[in-house]
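Here is the structure we will look at, set down as structure tokens.
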Amino acid sequence: MGDVTRKPIIAGNWKMNLNHFEANLLVQKLAASLTGEQLEAVEAVVLPPFTDLRTVQTAIEGDKLAIVYGAQDISAHASGAYTGEISGAMLAKLGCTYVVIGHSERREYHNESDELINAKIKAAFTAGLTPIFCVGEGLDIREAGNQVTHVLAQVDAGLDGLKEDQIKQIVIAYEPVWAIGTGKTATPDDAQEVCGAIRARLVEKYGSDVAEAVRIQYGGSVKAANIASIMAQPDVDGALVGGASLDAEEFASIVRFPEHVAR
Ligand SMILES: O=C[C@H](O)COP(=O)(O)O
């Protein structure tokens, strides 16, 4: 795990799963499975579909749960005639802390470009939200050995024009596309190679003070059985979890990763 001053962040990206009734149940189960101490040690975040956000807000605020939540996407626009889009202000009003931006599924299925992702990151900051900015390479790029160059180009483009205090706040999620939902996890060394290169690029561009503050997550087939070895890497500060975040016990066990290490 990285620097002790960076609080580990385990975020569950539910993707297009769970209606608002199921969302409520999952949040309640999660809260019942984690102690205040465990939630103090690790920031636990849920990222439900838009339609669940109000329910999740009510569950978390009503019971004063130490679980944080956010959305899976944001419009680059502030308001207006953009049918089907959701603005940063709307998400902020629902109490969201985080918003996922540039997930590989949106890059692939919705043709999101680096420019659009950069605009969405800026829209998130304007609304007072913290982006979880996703980067990662496909299998062809990995096989050609170009993962670091590819990911650093995504990082440069996504962060273009941001201020240093915004960079310090952002969460970057490195998700090799070939490891998402496939059961193929990158090895801890693979994760460290790219997460370390991202931090080195941040040092080069913004100085070590800024770079050391940024939390970098790994994502791609993370589960309770592999989280500890991934979190043992010096530049990995958390995980963006897909499938395993839909099971309260499994996700809670991932959040409890410091105890796996101690065992
Ligand atoms: O956002 C989460 C990632 O896409 C990882 O998904 P996964 O854990 O199901 O592989």
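The values are calculated or read from the model by the stated rules, or taken from the named source; none is laboratory data. Given the structure is predicted, the values throughout are model-derived calculations rather than measurements. Glycine gets a Cβ as well: all are built from the backbone with ideal geometry, and neighbour counts include every protein chain shown. Areas reflect the complete protein model, heavy atoms only, side chains present, ligands, DNA and RNA absent. Shrake-Rupley method; radii C 1.70, N 1.55, O 1.52, S 1.80 Å.
Put Ile254, Ile180 in order of accessible area, largest first, 1.4 Å probe: what do you get?
Reading off the accessible areas and sorting them downward yields Ile180, Ile254.
How large is Rg over Rh for the chain, taking Rg from the Cα atoms and Rh as the Kirkwood inverse mean of 1/r across Cα pairs?
Rg divided by Rh gives 0.94.
How much accessible area does Thr187 have with a 1.4 Å probe, in Å² rounded to the nearest 10?
Around 70 Å² of this residue is reachable by solvent.
Could you sort Glu112, Glu249 by their accessible area in this structure, using a 1.4 Å probe and putting the largest first?
Glu249, Glu112
Keeping all protein chains in place and using 1.4 angstrom, which order do Tyr98, Tyr109, Tyr82 fall into by accessible surface area, from largest down?
Most to least solvent-accessible, the answer reads Tyr109, Tyr82, Tyr98.
Could you tell me which of rounded, prolate or oblate describes region 1-154, using a ≥ b ≥ c as the square roots of the eigenvalues of the alpha-carbon gyration tensor, with rounded for a/c under 1.5 and, failing that, prolate when a/b is larger than b/c and oblate otherwise?
oblate
Considering only Cα-Cα distances, which of the following residue pairs are longer than 24 Å: Lys29/Lys122; Lys29/Lys184; Lys7/Lys64; Lys184/Lys205; Lys122/Lys223; Lys29/Lys64?
Lys29/Lys122; Lys29/Lys184; Lys184/Lys205; Lys122/Lys223
Can you send over the solvent-accessible area of His20, 1.4 Å probe, protein chains only, in Å² to the nearest 10?
80
Add -39500 (n - 2.57) for each DSSP H run of 4 or more in the chain, then divide by its residues: what number comes out at 222 nm, to the nearest 500 deg cm²/dmol?
-13000 deg cm²/dmol
Between region 175-240 and region 124-172, how far is it from one alpha carbon centroid to the other, in angstrom?
12
Of all accessible surface on the chain at a 1.4 Å probe, what whole percent is carbon and sulfur?
53
Under a plain spin-label model, where a point goes 7 Å from the Cα along Cα-to-Cβ, how far apart in nm are Met16 and His77?
Output for this residue pair reads 2.1 nm.
If I ignore ligands, DNA and RNA and count only protein heavy atoms, how much of Asp209 is accessible to a 1.4 Å probe, in Å² to the nearest 10?
About 110 Å², rounded to the nearest 10.
If amide H atoms are built 1.01 Å from N in the plane of the peptide, which residues on other chains or at least 5 residues away come under 5 Å of the amide H of Arg215?
It is Ile172, by chain and number.
Summing Lys, Arg as +1 and Asp, Glu as -1, what charge do residues with Cβ under 14 Å from the Cβ of Arg201 carry, Arg201 excluded?
Cβ neighbours under 14 Å give a net charge of -4.
Report the net charge of residues surrounding Leu246, where surrounding means a beta-carbon distance below 15 angstrom and charges are Lys +1, Arg +1, Asp -1, Glu -1.
Residues close to Leu246 contribute a combined charge of -2.
Considering only protein heavy atoms, what per residue accessible area in square angstrom results for region 3-99 with a 1.4 angstrom probe?
49
When the Karplus curve 6.51 cos²θ - 1.76 cosθ + 1.60 is applied with θ = phi - 60°, which whole-Hz ³J(HN,Hα) does each residue of region 78-91 get, with x for Gly and Pro?
7, 5, x, 7, 10, 3, x, 8, 10, 8, x, 4, 5, 5
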